[in-house]
Structures are given as C-alpha cells and as structure tokens.
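Here the structure comes first, spelled out in structure tokens, and everything after it is commentary.
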Amino acid sequence: MRVGDLFPTRRELLKFGGLGLAGAAVPGVWPLRVSAAAKEKVTPRSSARHVLYFELSGAISHVEGWDFKENAGTPKDLDVRKIKDGFYLSHLLFPKLGKHIGKFAILRSLQSHEEVHFRGQYYVQTGRQLNLAFAKEIPAVGSLIAMEMEPRRRQNETFPSYMSFYLEKGAAGALSTGFLPPRFSVVDINPESAVKGSTLDQKAVELMEQRWQLLSRLRDASRSSIAGYGRDMLGYGDFYETAHRLLTDPRWPDAFQIKEEDRRRYGNHAVGISSILARNVIAADAGTRFLHLCHPGWDHHVQIWDRKASSNHYMLCAELDSALSSLIEDLSAMPSKADPSKTLLDETLLVVMSEFGRTPGALNNMAGRDHYNKCFPAMFAGAGIQGGKILGQTDSEGAKCLETGWAHKEQPRIENVVATIYSALGIDWSKEITNTPSGRAYPYVDALGPHGYIPTDEIASLYA
C-alpha cells in the first residue's frame, strides 16, 4: 500500500483548507525590526485568547438591521420591535438573535474609506487602504497576529494561529502574508469540503511516520543546499511541518465532526457549518488565535426584498440568525479549557460586521440597495465587552452620523476595529516594522487616512 493512497495530495489538502501562500514571492526580511512608535504608551487589554471576526461579505442593509430606520424602502412585514430606548430590531428577520442582543455592544457610527467590494474587503483584512505600489508586501491582520502570537505558542498547540472559513468566497479572497514568512499564512477552510474528511487509522499513522522520518533525514542532508533557494523553499518546509503535526493530532479531525443536532440549530448551510467549525476550533484550544468567518452573498443591488429571487435579505438574515444566535449561545455556555471559571465567550472577542453599509432611504430602480460607506454598524461581544451598550447615533434616515460613540469627534473606522482586536489579544497596536522590502515603515495601525491623519485608538467605549 502506498502512502499516497491514504493521504490527500498537496492539491487536495489545499482544496480542503487553502494556505495563503501567494505572497511567498515577496522577498522576506527576517528578523524584523519592531518598535513602539506612539508618543504615548498604549496599554493592551489582554482580555481575549481568541478573536472571531464574523464578516457579512457584500454588506447587510444597516437600516433594516442594527441601525433600523423606517423609510420608503422598508418592507411592511418586518415586525419591528423595540429592544431598548433608541434601538429597534426586526423580529421577522432576527427572531433568535433578538434574544441575545443583550450580550452585544453595538456601534452604529463606523465609516469606511472604501465603497467597492474588493477594496473594502482588502481594507477589512489588512486594516489599510489598497495601495498597489505596496500591496504585495502588506500582510493580513491575521498573519500579523500569528507572528505576534508565535512566542506564546505552547508545545502541544498544532492548529494554525490564523484560520478562516469560506474566505475564498469573498471578493478579495484570502490574502497573503506579505513580507511575513509563509508560516503565518491563513488556512482557509471550505466548510462543505471540511466535513467530508475522515480520521486516519493506526496503520495509516504508522506509515505516515515512517515516510516522515525518511523525508526528515533527506531534508537534513540537503539543508545547506535548500537554504540557497530562499523563502519559497522554506515556505514548503513550513507547510509540510504544519500538515504533519495536524494529521497526527486527533483534535484536528475531531474539530470537523458535526452533530445532526448542531446542523439543525445552526442551519445546514455554509455559514451555519462554518460557525459550528469555528466554535469547535475555539473549544479545542489547540493554538488558533484569530478566525475570520465569511458569510458571503449580501450584495443585493437588485430585488433585495423579493422572496422569489434566488438570493435576498430574507434568506441571508435567516441564515445569519440561526448561525450567530447558536454560536453566541454555545460560546457563552461552554467552559474554557484554559480557565474553567470562564466561558469561551469570556475569552473570545466576537466582531460581526460588513465592509460597509447599504444606501438608506428608498430602494433603487432595481428594487435593491447600493453601497454606502458614510456610516454603518458593527456588533461586539465577549472578552470584557459590556453587553447591552448602544453606541453612536445616526440621523432619522441612517445616512449621517450624529454621535460618534467614542472619545473622538471623528467616526471610528476599520483601523480602530483592528486596534481593538490587537488590544484584546495583548498586542501593542502602536508598534511598527521598519525593515520592510520597500523600506517603508509598516505601522500595525495606519494613522494616514484618505484625507489626513485619523485616530488609531482602540474603541474603549465598548468596555465598561
């Protein structure tokens, strides 16, 4: 029997969970020179062991979502109910999630630099505007987190520090590590393929170990010549090391086991399955620190409220309602392996948002809503976030920000969400890397906006 008969090829493994290795062509700079750049020292909260970024890719209509505003385009069947003063929610769209709104802090005043999907999703993943002159060297936020978390990894942590679910379906796809080594790549999981995996039996494990030992000896013998091939070859070595550790860790196949009861609760669709898998990965406590979950399809320029359309907001809201409400239920009930006195939600920062909003007011001439970046909401929960807070305020149409909801007159942006994520994980977000391939300093949070400097603070008002 050949090992190839028992194990997936590299192509098949990438189909199951693709590594973002596209950036491996960028010459690496290592060791990196990292320094704190802020004039005033920042103090990270270190309140989270995990971050789950739940992206509603394509942009949910905020005026029928978490910043509800009745207008000429509002359907008449939404059954809108008052949750608390100044905050209303459609019971038809979010019957389950409405019961858990008290666990979330909702910020309604975000603004995006971008108003196009590819650029907006690039912005979400990197925390900065797309600049073609430097884009190839810019790492994803998750890759930078993986780099920062590497010294904290325990010996028994085999899962990738940075994982995503269905990110391949977003307009920007899964971005690369930029100037960082390929070992900090995202492992992007296709949920439909992932649940078809199987556990290796003992004979298969023994065969793999025999071949692995042989491969290791060959690599040791040719180490000096391999080093001459540079970063690309080292990236392949990292890939095989990661794959070997995962394939021999029983926690990995266990994380992809799904109970039928969970399928019913979360929903037997891509975002439901992705949410179950994200919960399982967090519960495994095997080294993953940043998860990016993508729920695609929200770009409804046409027939946004047409139930007969192949895709509409009724349909996607139903998927989101079942998946997100079940996820928050489980995270808030399951005990942490690291600290049994805490729940998984206590040590996980959950962020739910789109790359921008959708046009308020009347529907367009195709019965849909277009892109809108002037203001849109995000939801935050866990890791010390004060649930029940409603921050920021927009006008009667949801078109203009009236109150920013934090300590600055400027509206918060993706950069501030990124700073909040870094802070929760104990990362000093004021740092910068100075020896990049281009020679241009890379700040962890970029202060240069499209119209001048912007605040780079975390969103402290989310906390008590």
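Read-outs throughout are calculated quantities, based only on the coordinates presented, and are distinct from any laboratory measurement. If you're wondering where the values come from, they're calculated on a predicted model, not measured in any experiment. Note that each Cβ is placed from the backbone with ideal geometry, even for glycine, and that neighbours are counted across all protein chains shown.
For residue 290, what charge total do you get from the other residues with a beta carbon under 12 Å from its beta carbon, if Lys and Arg give +1 and Asp and Glu give -1?
Details: positive: 49, 289; negative: 148.
Counting the neighbours of residue 290, the net charge comes to +1.
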If the cut-off is a Cα-Cα distance under 25 Å, which lysines reach residue 76, setting aside same-chain residues fewer than 8 apart in sequence?
84, 96, 99, 308, 400
Within 10 Å of each residue's Cβ, count the other Cβ atoms and sort 353, 366, 315 from fewest upward.
366, 315, 353
Positive minus negative residues near residue 257 (Lys, Arg vs Asp, Glu; Cβ under 13 Å)
+1
At the level of C-alpha centres, the distance separating region 270-328 and region 149-177, in angstrom, is 18 Å
Roughly how many whole Å is it from the C-alpha centroid of region 98-116 to that of region 45-97?
8 Å
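Report the local net charge at residue 388: Lys and Arg +1, Asp and Glu -1, summed over other residues whose C-beta lies under 11 Å from its C-beta. If you can, show how the numbers build up before the last one.
Values: positive: 84, 103, 389; negative: none.
Charge balance near residue 388 sits at +3.
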Among the listed pairs 41/409; 196/259; 374/409, which are separated by more than 18 Å between their Cα atoms?
41/409
